[in-house]
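Novice: Here it is, the structure, as structure tokens.
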Amino acid sequence: MSGSASGEKEALDNIGISSERPTKRAKTEHPLLSIKGENNNADSSTKEESSGSQRVESTNRGKEKAQEDKKNPGRRRRGREEGPRGAVATGPKEPRLPKRQTAILLGFCGSRYHGMQFQRTQPGLPEQRTIEGELFKALIAAGAVSKDNADDPLKVNFARAARTDAGVHAVGNVVSMKMITEAPGVDNMLNRINELLPPEIRIWDLQRVQNSFNARILCDGRKYTYFFPSYLLIPPKPGCALDKGFKEYAASISQDVAYTSDPFWDVPGVEKSVAEEDFTRKRAWRASPAHIERLREIVKKFERTHNFHNFTVTQDPKDKSNNRYMKNLEVLDPAVYGETEWIAVELNGQSFMLHQRKMMFALVMICRTQTPSTVIDQLYTLTTVHIPKMPALGLLLEYPVFDLYSKKLADANEKLDGPSDPQYRHPISFEKYSEQMNAFKQKYIYNNMRDIEDRKALFDAWIRSVDGYGGGDLLYFNPTGTIPEVSVVKKGEKRERPFREQRKFNMTSFAEDDHGRMEADEQPDDVDIDRPLSKKEREGAEG
């Protein structure tokens, strides 16, 4: 990063952000009432006619402005002051620099950040470090956001294409806003912002867009990738709580349900082997072509439009907002890095609800428990079950998609005189930055992911926490493909021995000198509870 830390601090200190509530502007006397001399004795009827005509004229102007706003929804009216509405200017006013509606194409490693979304610091609480918080500070320091607008991102129409949870990475995302693209003393705004940002956050481009462009509203697709070690597909260890629970359930129903053993566990004394011994053997395990074909069969069940209420945090399974369209899912061929084989699943959908990691849990568990893929059809019904989340470490936002916007843009550009026309706008695309993005992804995301798994055995600890559960919540993973009554979550009823997720599996960052293996706690004290969200909260949390 270029530029000294003291220089950046000075730039931020000069912003002068105030949290005080703006004072109301004093009312100005009507011009007709402030005229002295002969006009003060004018006939009252003349005053009324003049006042009435002004009211009509004012109304007409209001209608004209409303019509203009409808035609140009992204354009702010000329003459509107910067900063808090109604604030009284004190001291010399900053010179007004032109702002342009801009798409910021960026990527980031989400480790050590509390998610993408900007969060206001609550009194008495420590600041929550977020990607947008760091970005907005850099924009202010670079002069891309004026001093008058520095206290609130909404003043510059700030919007994101995709929101990411704490610790989740994105090699491509888009933020739209009205920003100053040419500031005094700044030769290259993109380079200046990157100088002010930490190295794990990079701006790929600042792209001029149409005035009405809103990254969240016009984004019509998002592509994610989830990575996991292939050894998660090994069936539960014989004698573990999950294995016993499955076999007890099989014995309790009249149908003949047989759980077959896996060759991986066919070694002498395996039931008494310790986790570290098992992990060494797991890392050497490789998925067969049959495993990959099975995964590819299962993911097809997620495609098209379905009610994904069991895969998010919702209060009402009947809410229409639970219906989402998944364009396609693809399981890539396994790849070995170091001693571990990894599998990547690409998810391409219109929008994602909290949490797509639940989809990956269902995928892995169906594959490792001989459960028919038809159980997913039952998960789309109004029956509610508990589906845990896979670790956050494996999730990556590749990029958002703006297909419809790009198509409309192409139609508009055809009527212009080419890229030299000032109204010409380029489509939103990350393709020409792929080389930079791949290098960034390798250095800050993939290497971090593999290093943590090698040091902490995070995925192994997670799967052992699943296999250590012996209650009824996960019994819908069975060879019959049916959801037993004991697995159904009923509103207002307390479940016996519910599965408890652990917050530590949401972590994507650990100290470099922390080489201790992560353990699977049978009675975790860091329980990760999914609080039911309102419809408005879920809409704000989508990505």
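The values are calculated or read from the model by the stated rules, or taken from the named source; none is laboratory data. Everything quoted here is computed from the prediction, not taken from an experiment. Note: ideal-geometry Cβ built from the backbone for every residue, glycine included; neighbour counts use all protein chains shown.
Novice: If you go through segment 277-292 one residue at a time, do you hit one that is touching a Pro at 6+ places or on another chain (Cβ under 6 Å), of a type in the set (V, I, T) and at pLDDT 95 or above? Spell out the reasoning first.
Specialist: Of the residues in segment 277-292, the ones touching a Pro at 6+ places or on another chain (Cβ under 6 Å) are 287.
This time we only want the ones that are of a type in the set (V, I, T), so: none.
There is no residue in segment 277-292 that is touching a Pro at 6+ places or on another chain (Cβ under 6 Å), of a type in the set (V, I, T) and at pLDDT 95 or above.
Novice: Please find, among E493, E453, the residue that is under 30 Å from Q370 (Cβ atoms) and free of Cβ contacts under 8 Å to residues at least 12 places away in the same chain.
Specialist: Details: E453 fails: free of Cβ contacts under 8 Å to residues at least 12 places away in the same chain.
The unique qualifying residue is E493.
Novice: Here is a further query. Name the residues in segment 479-502 that are surrounded by 12 or more Cβ atoms within 10 Å (Cβ to Cβ), over 31 Å from the mean Cα position of the chain (by Cα) and outside any loop (DSSP other than H, G, I, E, B), would you?
Specialist: Scanning segment 479-502 gives a single hit, V486.
Novice: Still on this model: Given the conditions (1) without any contact (Cβ under 8 Å) to a residue 40 or more places away in the chain; (2) under 26 Å from the mean Cα position of the chain (by Cα); (3) assigned to a loop (DSSP other than H, G, I, E, B), and given that N211 satisfies all but one, which numbered condition is not satisfied?
Specialist: Here N211 clears every test but (1).
Novice: Only residues that are surrounded by fewer than 18 Cβ atoms within 10 Å (Cβ to Cβ) and touching a Leu at 6+ places or on another chain (Cβ under 7 Å): list them for segment 314-345, please.
Specialist: Selection gives P317, K318, A344.
Novice: Could I ask something else about it? S429 passes all but one of (1) over 27 Å from R503 (Cα atoms); (2) at pLDDT 95 or above; (3) surrounded by 13 or more Cβ atoms within 10 Å (Cβ to Cβ); which number fails?
Specialist: So the condition that S429 fails would be (2).
Novice: Moving on. Quick check: is even one residue across segment 260-278 assigned by TED's automatic domain parsing to the domain that holds A461, in a helix (DSSP H, G or I) and of a type in the set (S, T, N, Q)? Full working, then the answer.
Specialist: Initially, segment 260-278 is screened for residues assigned by TED's automatic domain parsing to the domain that holds A461, giving 260-278.
Right, trim to in a helix (DSSP H, G or I) and you get 263-265, 270-272, 275-278.
If we keep only those that are of a type in the set (S, T, N, Q) too, we end up with none.
No, every residue in segment 260-278 fails to be assigned by TED's automatic domain parsing to the domain that holds A461, in a helix (DSSP H, G or I) and of a type in the set (S, T, N, Q).
Novice: So which of L329, L363 is among the aliphatic types (A, V, I, L, M), part of a strand (DSSP E or B) and touching a residue at least 12 places away in the same chain (Cβ under 8 Å)?
Specialist: On the way: L363 fails: part of a strand (DSSP E or B).
Of L329, L363, the one residue that is among the aliphatic types (A, V, I, L, M), part of a strand (DSSP E or B) and touching a residue at least 12 places away in the same chain (Cβ under 8 Å) is L329.
Novice: How about segment 373-445: which helices (runs of 4 or more DSSP H) wholly inside it have at least 1 residues that are without any contact (Cβ under 8 Å) to a residue 40 or more places away in the chain and under 24 Å from the mean Cα position of the chain (by Cα)? Break it down stepwise before answering.
Specialist: Numbers: elements: 375-379, 403-414, 434-440.
Fully inside segment 373-445 and qualifying: 403-414, 434-440.
Residues checked against (1) out of contact with any strand residue (DSSP E or B) (no Cβ under 8 Å at 6 or more places or on another chain); (2) of a type in the set (D, E, K, R); (3) crowded, with 19+ Cβ neighbours inside 10 Å:
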| site | (1), (2), (3) |
| --- | --- |
| E195 | yes, yes, no |
| F227 | no, no, yes |
| F246 | yes, no, yes |
| I253 | yes, no, no |
| V270 | yes, no, no |
